[in-house]
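Taking it in order: structure first as structure tokens, then the write-up.
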Amino acid sequence: MIFIYLLTLLPKSLLFLIVTLIFFLCGVNMKRFIFILTVFSFVFSFSCVDDETPGFVEGSSCSVLGQEQCNFDNSQILVCSNELWTVKKVCNLNFGESCRALATGLSCTDGGGDTGDTGDTGNTGDTGNTGNTGNTGNTGNTGNTGDTGNTGDTGNTGNTGNTGNTGDTGNTGDTGNTGNTGNTGNTGNTGNTGDTGNTGDTATDPRSADCVAIANCVKACLDSACATTCFEDGNTKGQTEYQAYEDCADTAATTAYLDIYNTCKAQAETCGFAGDPNYDIPYGTANINGTFTYIVTTEDSLSSNMLLESSFITGTVGTLPIVNTEGASDVYSYARYTAAAGADPAAFIVYQTYNTIALTNPIAYILGDPTEIIVGTNNVGLTSADTLQLFVIDVDATGALVCRHGFGVGTVNVSAFNTSAGDAGSFIVSGSNINIYSMAAAPIYGGDITADSTDACSAQ
């Protein structure tokens, strides 16, 4: 872990030279190592502060809500909120803590993500790197096959409540004289049936903890020696399961996680490369169709001439419509451009929300680096090869991120793009059948790629 952290402190050019030399010395499988370098170039481009980048200071301006950065002396993790850098967490320098970039995001330690207060994440923040690194490594001897993992237990159904006893029927009146017959007794009320217990998760979990442990270790490796160590440290059962995945992956003749998953679903699910089974794969689809004839530079005073008074992202995510059916008549969209300022890069976002006082979810938006968006075909996804990102999220009453329902992967066509302010600018975009994945079940990037609780809303 310390070695990997020290690597992140090196200049990117030197780091990739070192990794390349390790590749030649260790004889890493060519197709997998090229994929690893591609994904890790995305990790460092989004998660690390360049050596030449000026430091960030609390109170200075920022533009991408929810974006996180280390401050100038790495004593604080800053988050962009209300167009100003605010402190998300203070690192204790006296105890050797300092702000640093990990694969899961910024942290004061060299472990997993911080558990301190998260502060407002904003509603348009760039997620940075989410894709896990490519699959590397094999193998060591498989050893004895061991028993295959039992599938996870489904949730126990609750015991049904005992039904109440039916009341005794009243006695009929004596017949005796011809007078009125006795009234029949009222039947007793039937007892209320007990509440049925909650059923467990609807999906059986095919993941084996033994294989998942090896896979997660391998996905964090930078070289084949590390991957071999991960494999050898696993138990016999996990090694057998992981070797089965590797053997099948070799027949797929590809390093792309999604292609391997489609070829080797059973093995990929066992080792966690499909993620949480409660989320469908894909989790939904989206269609994009928007013509924006006004570019907003501030959201302080939006008026009707600046807006597209309708949705431009439609479709479903899980069982939810991307456009809330109750808020459909109040939905509107707008395109915003923010010029680069100091250490803050330029940003472009097209946002879809609702013109209501009460909170309405979900919210959808696309964003990207305006220097990379082109007129023509643009890739949508979370890697450095993608020029646009698509998210469907929930926010709270302040507009802060609560959780992400999913992200899009596909292509869109941009037929006009001009970031000039006001009605001199324009943005026209269209695309259909863009797959939506939950970050908890993203085989396209290696399975569960969540870093904290906001990354995946509950399965719908």
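The values are calculated or read from the model by the stated rules, or taken from the named source; none is laboratory data. These numbers come from a predicted model, not from an experiment. Cβ placement follows ideal geometry from the backbone for every residue including glycine, while neighbour counts extend to all protein chains displayed. These area figures cover heavy atoms from the full protein model, side chains too; ligands, DNA and RNA do not enter into them. Shrake-Rupley method; radii C 1.70, N 1.55, O 1.52, S 1.80 Å.
Limited to region 305-329, what total is found for residues that are of a type in the set (A, V, I, L, M), assigned to a strand (DSSP E or B) and without any contact (Cβ under 8 Å) to a residue 60 or more places away in the chain? So the answer is 1. The condition of being open to solvent by 20 Å² or more (accessible area, probe 1.4 Å) and either modelled with pLDDT of 95 or more or basic (Lys, Arg) (or both) holds for only one of 314, 360, 356, 325, that being 314.
Considered as a group, the residues in region 57-103 that are part of a strand (DSSP E or B), open to solvent by 40 Å² or more (accessible area, probe 1.4 Å) and of a type in the set (A, V, I, L, M, F, W, C) include one that is modelled with the lowest pLDDT, and that residue is 90. Cβ-Cβ distances below 6 Å connect the following pairs, each with a first residue in region 233-251 that is at negative phi, a second residue that is part of a helix (DSSP H, G or I) and open to solvent by 40 Å² or more (accessible area, probe 1.4 Å), and a separation of six or more residues or different chains: 235/210; 237/210; 238/210; 244/267; 245/267; 248/267. Among the residues of region 236-256, the ones that are closer than 15 Å to residue 274 by Cβ and in a loop (DSSP other than H, G, I, E, B) come to 1 in all. Please go through region 372-418 and give me each residue that is within 23 Å of residue 448 (Cβ to Cβ), open to solvent by 50 Å² or more (accessible area, probe 1.4 Å) and assigned to a loop (DSSP other than H, G, I, E, B), ordered by number. The answer is 384, 385.
Can we say residue 440 is among the aliphatic types (A, V, I, L, M), touching an Asp or Glu at 6+ places or on another chain (Cβ under 9 Å), touching a residue at least 60 places away in the same chain (Cβ under 8 Å) and not in a strand (DSSP E or B)? Criteria met by residue 440.
Taking the criterion of being open to solvent by 40 Å² or more (accessible area, probe 1.4 Å), touching a Pro at 6+ places or on another chain (Cβ under 8 Å) and either modelled with pLDDT of 95 or more or over 30 Å from residue 306 (Cβ atoms) (or both), would at least one residue in region 280-293 satisfy it? Yes - at least one qualifying residue is present in region 280-293.
How about region 270-305: which of its residues are over 30 Å from residue 422 (Cα atoms) and in contact with a strand residue (DSSP E or B) (Cβ under 9 Å, 6 or more places away or on another chain)? Residues satisfying the conditions are 271, 272, 273, 274, 275, 276, 279, 281, 282, 283, 284, 285. Residue count for region 436-460 under the criterion of being more than 23 Å from residue 245 (Cβ to Cβ) and either over 10 Å from the mean Cα position of the chain (by Cα) or open to solvent by 40 Å² or more (accessible area, probe 1.4 Å) (or both): the result is 7.
Condition test on residue 262, is it closer than 20 Å to residue 349 by Cβ, open to solvent by 70 Å² or more (accessible area, probe 1.4 Å) and either of a type in the set (A, V, I, L, M) or outside any loop (DSSP other than H, G, I, E, B) (or both)? Before the answer, list the steps.
On the way: closer than 20 Å to residue 349 by Cβ: no; open to solvent by 70 Å² or more (accessible area, probe 1.4 Å): yes; either of a type in the set (A, V, I, L, M) or outside any loop (DSSP other than H, G, I, E, B) (or both): yes.
No; evaluated as a whole, the condition is false for this residue.
The residues listed here are 267, 239; of these, the one that is open to solvent by less than 30 Å² (accessible area, probe 1.4 Å) and polar (S, T, N, Q) is 239. Within region 290-299, none of the residues are under 26 Å from residue 415 (Cα atoms) and under 23 Å from the mean Cα position of the chain (by Cα). Checked against (1) within 25 Å of residue 428 (Cβ to Cβ); (2) touching a helix residue (DSSP H, G or I) at 6+ places or on another chain (Cβ under 6 Å), residue 401 meets all criteria but (1). If you check 346, 335 for being touching a Pro at 6+ places or on another chain (Cβ under 7 Å), open to solvent by less than 30 Å² (accessible area, probe 1.4 Å) and either within 27 Å of residue 460 (Cβ to Cβ) or not polar (S, T, N, Q) (or both), only one passes: 346. Selection of region 214-235 for residues being assigned to a helix (DSSP H, G or I) and either open to solvent by 60 Å² or more (accessible area, probe 1.4 Å) or among the aromatic types (Phe, Trp, Tyr) (or both) yields 216, 229, 231, 232, 233. Report whether or not residue 449 is at pLDDT 95 or above and part of a loop (DSSP other than H, G, I, E, B). Taking the combined requirement at face value, the residue does not satisfy it.
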